[in-house]
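A.B. asks: This structure is in structure tokens; I'll ask about it shortly.
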Amino acid sequence: MSSILEYASRPEFTVTVSIGILYLLLQFIFREDGPYPDFPLIGKAPKDWFYTKTRKRWDNEALDILEEGTAKLNGRPFQVLSNFGPSIVLAKEFANEIRSDPRLSFRGFIERQGMVQYPGLDFLHTGLEGDIIQDTVRKNLTQALGGMTESLSKECASVVDESLPAAKDKDWKHTKFIMGATNIAARLSALVFLGERLCHSQEWIEISIRFTVVMMRAQERLRTWPVFTRHVVHWFLPEMIYLRKLVRDSKKIIEPELTARRAARGDVKKPQDSLSWLDDVRGDRSFDVVCGQLFLTVAAIHTTSSVITATMYDLISNAEYIPLLREEIIRVYNEDGGWEKTSLYKLKLMDSSMKESQRLNILGPNMMNRYAEDDVTLSDGTLIRKGCHITIPTLHMRDKEIFGSNADDFDGYRFLRMRELPGQENKWQFVSTSPEFLSFGHGKHACPGRFFASNEIKIALIHLLMKYDWDIVGEKPKSAAKARFVPDPETLVAYRSRIPEIDI
């Protein structure tokens, strides 16, 4: 006993105990963000004991890390570490296997990664409640799209004229294109989400454009804090404070409109927009309709504007496609005598060009993110333990075995040719998903708003291509990020007005 007491009084014992306590404390602090057992970690920075550098590497080197893991493991699962925490990376061959497995939850992924428990971010949780958003988009919005082409085109004409004022002398002008694309996406989305009055509310348009960027910055900043401190820290972070202000401002704009519509039920024709649809679909269930609108806004505006921007960059850089697309637009418009329900579907070269641009300008290095709500054993015997995240990379979207020897080049006819193959007509449309093409995800949780986004983008391209000539300013426009397409807000393109051959 005396020998134990004697040892306990030595300095080395104190140091050993202190190190042990520190180790346990650090394990507690970083337990949510540390790597999983049983899967090799790819992309670990040297001498990075707390994985700080490793997580930062993902921001700029995600594609390189995924390529390294795929090559080293030859299709077997591995894990990566980002600011979101660890994710187990599965080969694309598992896409159909996990696509609708109820144990692998997309909602669980959003709730954990989005940190929806903190005020300001809790609207994300509301948006996932009871499939109300999914049902509204699938059953109401998608079915109503055929009758919206005319009104969307009219609104697009207005916002394009405002964003790209025509020069009377037809001289070339320069513009930061992403700004105009974002205004187009915001206005068209607001028309369908909130109706004509709020569509023209400059206050709402500014909030809707700003909201996603502020949310992402708030999440990024909050993730830099240890998990156990976030319940306190979020109250004092400037980004979180500003995000909560935007939520309050949104409610001040939308709630009076919603209240007025509820009071007028039966007296006036119900507006055909998601504000009314959400209110109907929720029924007697408790659901914050304003938070549902914010969820739709986050999902719609910046992804749609990025696709418009990427497609225009590719068309401007491959200008031989612009007259071909104009010919297709004119032909379909004249054949249909204007814009009919099926007119946009008939723009098959445009559809192919959009999908080709989306293939080359991926919005994320990985898709099909899921959270395991139970232990899951995959067909190859891999055990995914409860509480783990899984994902599938998008590397194969430039695979020469799938897309041909010119897979690194823009080919606007690529998917048009693939649709002409027997049995392939539906597989390679812009809105179609498959294990080979994951831009919208795949399976039960594939983006339900992709049909609306497709129509928005096509209408925007019609107006942009028919009303203006385009040219590059300096070098070919590039992404502002390496791992995914992020429009550089400073990129300039040149435009000049032209007289369209049809009345749009």
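The values are calculated or read from the model by the stated rules, or taken from the named source; none is laboratory data. Bear in mind the structure is a predicted one, so any value in this text is a computation, not a measurement. Ideal geometry is used to build each Cβ from the backbone, glycine not excepted, and the neighbour counts take in all protein chains shown.
A.B. asks: Yes or no: VAL307 within 14 Å of LEU461 (Cβ to Cβ), part of a helix (DSSP H, G or I), among the aliphatic types (A, V, I, L, M) and touching a residue at least 24 places away in the same chain (Cβ under 8 Å)?
C.D. replies: Here the answer is yes, as VAL307 does meet what is asked.
A.B. asks: Only one of (1) in the same structural domain as ARG370 (by TED's automatic domain parsing); (2) at pLDDT below 70 fails for MET1. Which number is that?
C.D. replies: (1)
A.B. asks: Against the conditions (1) of a type in the set (Lys, Arg); (2) assigned to a helix (DSSP H, G or I); (3) at pLDDT below 90, where does ARG31 fall short? Just the number, please.
C.D. replies: Checking ARG31 against (1) of a type in the set (Lys, Arg); (2) assigned to a helix (DSSP H, G or I); (3) at pLDDT below 90, the one that fails is (2).
A.B. asks: Could you say which residue among LYS386, LYS348, LYS355 is farther than 27 Å from LYS444 by Cβ and either touching a residue at least 60 places away in the same chain (Cβ under 8 Å) or not aliphatic (A, V, I, L, M) (or both)?
C.D. replies: On inspection, the qualifying residue turns out to be LYS348.
A.B. asks: Return the residues of the stretch 54-108 that are closer than 25 Å to HIS445 by Cα and small (Gly, Ala, Ser); say none if nothing qualifies.
C.D. replies: The answer is ALA62, GLY75, SER82, GLY85, SER87, ALA91, ALA95, SER100, SER105, GLY108.
A.B. asks: So how many residues does the stretch 129-154 have that are touching a Lys or Arg at 6+ places or on another chain (Cβ under 6 Å) and crowded, with 21+ Cβ neighbours inside 10 Å?
C.D. replies: The total comes to 1.
A.B. asks: I'd like to verify a number: residues in the stretch 280-317 that are touching a strand residue (DSSP E or B) at 6+ places or on another chain (Cβ under 8 Å) and of a type in the set (Gly, Ala, Ser), how many?
C.D. replies: Total satisfying the criteria: 4.
A.B. asks: Which residue out of LYS341, LYS251 is in the same structural domain as PHE193 (by TED's automatic domain parsing), loosely packed, with under 15 Cβ neighbours inside 10 Å and among the charged types (D, E, K, R)?
C.D. replies: LYS341
A.B. asks: Still on this structure, I have one more. Please go through the stretch 381-394 and give me each residue that is surrounded by fewer than 18 Cβ atoms within 10 Å (Cβ to Cβ) and not in a loop (DSSP other than H, G, I, E, B), ordered by number.
C.D. replies: LEU383, the sole residue that qualifies.
A.B. asks: To continue, here is another question. Quick one: count up the residues across the stretch 344-374 that are within 27 Å of ALA71 (Cα to Cα) and part of a loop (DSSP other than H, G, I, E, B).
C.D. replies: Count: 5.
A.B. asks: Among the residues that make up the stretch 109-126, is at least one of them touching an Asp or Glu at 6+ places or on another chain (Cβ under 9 Å), assigned by TED's automatic domain parsing to the domain that holds PRO238 and among the basic types (Lys, Arg)?
C.D. replies: Checked against the condition, which is being touching an Asp or Glu at 6+ places or on another chain (Cβ under 9 Å), assigned by TED's automatic domain parsing to the domain that holds PRO238 and among the basic types (Lys, Arg), the stretch 109-126 yields at least one hit.
A.B. asks: Among the candidates PHE403, PHE415, PHE410, single out the residue that is touching a Leu at 6+ places or on another chain (Cβ under 7 Å) and over 30 Å from PHE109 (Cα atoms).
C.D. replies: Details: PHE403 fails: touching a Leu at 6+ places or on another chain (Cβ under 7 Å); PHE415 fails: touching a Leu at 6+ places or on another chain (Cβ under 7 Å).
None of the other options fit; the residue is PHE410.
Listed here are the residues, each with its yes/no results for (1) over 21 Å from the mean Cα position of the chain (by Cα); (2) crowded, with 16+ Cβ neighbours inside 10 Å; (3) charged (D, E, K, R).
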position: ILE178; (1), (2), (3): no, yes, no
position: THR182; (1), (2), (3): no, yes, no
position: ALA185; (1), (2), (3): no, yes, no
position: LEU188; (1), (2), (3): no, yes, no
position: VAL213; (1), (2), (3): no, no, no
position: LEU222; (1), (2), (3): no, yes, no
position: PHE228; (1), (2), (3): yes, no, no
position: GLU239; (1), (2), (3): no, yes, yes
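A.B. asks: Hey, another quick one. Working only within the stretch 43-79, note down all residues that are free of Cβ contacts under 8 Å to residues at least 40 places away in the same chain and touching a helix residue (DSSP H, G or I) at 6+ places or on another chain (Cβ under 6 Å).
C.D. replies: GLY43, LYS44, ALA45, ASP48, PHE78
A.B. asks: Can you report the number of residues in the stretch 396-431 which are surrounded by 18 or more Cβ atoms within 10 Å (Cβ to Cβ) and basic (Lys, Arg)?
C.D. replies: Residues meeting the conditions: 2.
A.B. asks: Additional query: Quick check on my filter: what residues within the stretch 120-138 are of a type outside the set (Gly, Ala, Ser), at pLDDT 90 or above and out of contact with any Phe, Trp or Tyr (no Cβ under 8 Å at 6 or more places or on another chain)?
C.D. replies: So in the stretch 120-138, the residues of a type outside the set (Gly, Ala, Ser) come out as 121-126, 128-129, 131-138.
Then drop every residue that is not at pLDDT 90 or above, which leaves 121-124, 132-138.
Once the filter is applied, which keeps residues that are of a type outside the set (Gly, Ala, Ser), at pLDDT 90 or above and out of contact with any Phe, Trp or Tyr (no Cβ under 8 Å at 6 or more places or on another chain), the stretch 120-138 yields LEU121, ASP122, GLN134, ASP135, ARG138.
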